[in-house]
Amino acid sequence: MLLAYAKGIGTGGGLIIAIGAQNAFVLSQGVRKNHYLLIALICALCDAVLVAIGVTGVGSLLAANPVISKTAGIGGAVFLFAYGARAFKSAVRGNRLETGNTASTSVKAVVSATLAVTLLNPHVYIDTVLLLGSIAGQFRHPDHLAFGAGAVTASFAWFFSLSIGASYLASLFRRKLAWRVLDTLVGAVMWAIGFSIARGALG
């Protein structure tokens, strides 16, 4: 079981750490110190649920339905285009982190945005439900559960490390240029993934 757990950590970490829309969002909010621990917790919990679905084999049934796959793809692409446009607009306007206003966004807005950037992104389902689920299927009971637990451990470790680490960069982002670079990067990542998802859903 320990070997399966270690493989789960390695595989899950490799998939999660890859730069994507969710990581870009977590990074940008961590820099803003905008409820960043809550955001990390939500992302990790969502991953835990999706990994559990994949490990138990439910994911393969959903993937076989083309209507669900196409609808999720189009919805996710639309959201990423909108969020990317917002990031580009912010880059043009220019932001600056004020020391007395580091978490002005409401908890409700943060929760909604985090759930949206997580659950409307089909790549999250591909990584957690499909890929990790199919790999877990190669292990015998109960090693497949240990593999899933390892992947979940990697998710918690990554998101909290990313959020907390980004929060220490707050002093750098008191300058508008740093904000413009970050917002441009976030927008580019969102649009690149959005185009990729749209092409796959409509192709």
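Just a few scattered comments:
- Residue match in region 143-165 (condition: small (Gly, Ala, Ser), surrounded by 15 or more Cβ atoms within 10 Å (Cβ to Cβ) and in contact with an Asp or Glu (Cβ under 6 Å, 6 or more places away or on another chain)): yes
- When residues of region 91-131 are limited to those that are at pLDDT below 80 and part of a helix (DSSP H, G or I), the one nearest to the chain's Cα centre (by Cα): 123
- The residue of region 111-142 that is surrounded by the fewest Cβ atoms within 10 Å (Cβ to Cβ), among those that are of a type in the set (S, T, N, Q) and in contact with a helix residue (DSSP H, G or I) (Cβ under 6 Å, 6 or more places away or on another chain), is 118.
The values are calculated or read from the model by the stated rules, or taken from the named source; none is laboratory data. This structure is a prediction, so every number in the text was calculated from the model and none was measured. Cβ atoms come from the backbone with ideal geometry, glycine included; neighbour counts cover every protein chain shown.
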